[in-house]
Amino acid sequence: MFDHIADAVKLPDLVRIGDNLVVARFETMKVYSALAAVEHLLNTGAVQPGDTLMDSSSGTYAYSLALACHKYGMKCHIVCSTKADPSVVTQLELLGATVEQVPIPPGPMVDKMDLEVRLQRINEILAARRDVYWMQQYHNGFHYHGYREVAALIDREMPGAPLTVVGGVGSGASTGGLATYLRELRPDVELVGIQPYESVTFGSEPVEDPVASISGIGSPVYFANVTYELYDRIHWIAHDQAVAATLALYRDHGIFGGMSSGCCYLAAEWEARQNPDRQFLFIGADTGHRYMSSVYTKHDQAVSLTGLEPRGIRELTELELPWAVMDWNRRPYEVAPKVLPC
C-alpha cells in the first residue's frame, strides 16, 4: 500500500524482450529524481514546508516536480515553453502548480532560444521573490540521489552475467545516477549513453538533423549534471530513425514509449547482438502519450530500419547521420564555454 500516488507511479516494470535484453519501462522516470531532491532539500533545511519550488521544464520533469510538491506540501512553479503539450499544462495546474509559458522569439536556433528566454524569466523571478527555490535539474547533483533505489531493484532482478545499461543522457542524472549506484553493487556495469545530433553534450552540435533534434536526451546548452567519465560508449541517433525505432518497439513488443525509449531500444538491441555474454537493460523513461500526433499517428510515413547499422567512429569529427557509435572509454569532456548554462 502506498501513501501517495507518486510512490506508485515511479516504479518501473522490468520486461524481458530478448535472451539478454530487458527494458525498464517507466510511466515517468524522473519522479524518482524529483522526490529524492525535494526530500533532500527539506531534510537539509534548504527549503521549508510551503516554500515554492521552481524549474524550467516542458515535459516529464515538470510533472514529476509537481507530483513531488503535491506529496510534500510544497508550492510549485513551472516555467515552460509555449510548445508545451496543453494536456501536460492542465495536469500541472490541477496538481496545484502555477505554469508560466514564455514565448519563443522568432528566428534560428529555436531550441536554444527557448532555453535562454526561460532562463531569463527564472532570473527575473529569483530577483523579485525570496520564497522561491530554483531546482536546476540540469545542475544540482542531488538529482542523482533517487536512482539509488532503482539501482538496487535492477541489481536484485538481474543477477548473474555482467550488465550494460543503455539510456538517454539528457540532464545526466538518470543514467549517471544509475551507473554510480549500480557500480557500488557490481563494478562490472557498463553505461551506454544515447544522444541526438545537434547536442553540445557529447559534441554533435556541428551535425544538423534536417528534421528535428530529439528533445529530452540532448541539449544545445551545457548541463553540469552530465558526468562524462561514467560513460563507456555513446550512440548518436537521428530523428527519423528514432521515430521508426519507437514504432518498432511498440509493434514488436507492445512497449508504448516516447522517442527516447525508441532510441534506447535501437541501440540496446544492436549492443545485445554484439555481446551475447552480457545482459542489457535499456531505459524506457516515459510513455508514448505525448508522441501520439508526432510519432504514432504517422506510422505509415516511418523510414525502414531494415539493414540499418551504426557507423563506428573514433573521433567526433567523423560523426555522420543517421546513426553513429563511439567508444567513449569514460574520458572527460568539456563543452565550449560560449554555450550558456540553463
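Restricting segment 1-52 to residues that are of a type in the set (Asp, Glu) and more than 16 Å from the chain's Cα centre (by Cα) leaves a set whose member that is nearest to Gly254 (Cα to Cα) is Asp13. Among the residues of segment 138-153, those identified as assigned to a helix (DSSP H, G or I), more than 14 Å from the chain's Cα centre (by Cα) and under 19 Å from Ser57 (Cα atoms) are Gly141, Phe142.
The set of residues in segment 143-154 that are under 27 Å from Ile237 (Cα atoms) and without any contact (Cβ under 8 Å) to a residue 40 or more places away in the chain contains only Ala151.
Give just the number: which of (1) farther than 15 Å from Gly193 by Cβ; (2) at pLDDT 95 or above does Glu334 not satisfy? Among (1) farther than 15 Å from Gly193 by Cβ; (2) at pLDDT 95 or above, Glu334 violates only (2). When we screen Val166, Val150, Val132 for residues that are in the same structural domain as Tyr61 (by TED's automatic domain parsing) and either touching a Ser or Thr at 6+ places or on another chain (Cβ under 9 Å) or farther than 30 Å from Thr82 by Cβ (or both), the only hit is Val132. The listed residues are Lys75, Lys30, and the only one of them that is surrounded by 21 or more Cβ atoms within 10 Å (Cβ to Cβ) and at pLDDT 90 or above turns out to be Lys30.
Can you name the strands (runs of 3 or more DSSP E) wholly within segment 18-112 that have at least 2 residues being within 18 Å of Asn140 (Cα to Cα), touching a Ser or Thr at 6+ places or on another chain (Cβ under 8 Å) and touching a residue at least 24 places away in the same chain (Cβ under 8 Å)?
Correct list: 75-81.
Would you check which residues across segment 154-194 are among the polar types (S, T, N, Q), surrounded by 21 or more Cβ atoms within 10 Å (Cβ to Cβ) and either at pLDDT 95 or above or part of a helix (DSSP H, G or I) (or both) and list them?
Selection gives Thr164, Ser174, Thr175.
When segment 311-327 is examined, which residues are found to be within 18 Å of Tyr231 (Cβ to Cβ) and either touching a Leu at 6+ places or on another chain (Cβ under 9 Å) or at pLDDT below 95 (or both)? Passing the criteria: Ile313, Trp323, Met326. Number of residues in segment 236-285 that are under 15 Å from Val15 (Cβ atoms) and not in a helix (DSSP H, G or I): the value is 11. For segment 258-284, name all the residues that are among the hydrophobic types (A, V, I, L, M, F, W, C) and either touching a Pro at 6+ places or on another chain (Cβ under 6 Å) or closer than 17 Å to His239 by Cβ (or both). Within segment 258-284, Met259, Cys263, Cys264, Leu266, Ala267 qualify. Within the option set Ala224, Ala244, Ala267, being crowded, with 18+ Cβ neighbours inside 10 Å, in contact (Cβ under 8 Å) with a residue 12 or more places away in the chain and closer than 16 Å to Gly168 by Cα holds for one residue only, Ala267.
Contact map, segment 155-167: first residue of a type in the set (Gly, Ala, Ser), second residue assigned to a strand (DSSP E or B) and surrounded by 14 or more Cβ atoms within 10 Å (Cβ to Cβ), Cβ cut-off under 6 Å, separation 6 or more or different chains; pairs are Ala161/Gln279; Gly167/Ile283. Quick check on Val15: is it outside the structural domain of Arg148 (by TED's automatic domain parsing), in contact with a helix residue (DSSP H, G or I) (Cβ under 8 Å, 6 or more places away or on another chain) and more than 17 Å from His145 (Cα to Cα)? So Val15 fails the test.
The values are calculated or read from the model by the stated rules, or taken from the named source; none is laboratory data. All values reported here derive from a predicted model rather than from experimental measurement. With ideal geometry, Cβ positions are generated from the backbone for all residues, glycine too; neighbour counts draw on all protein chains shown.
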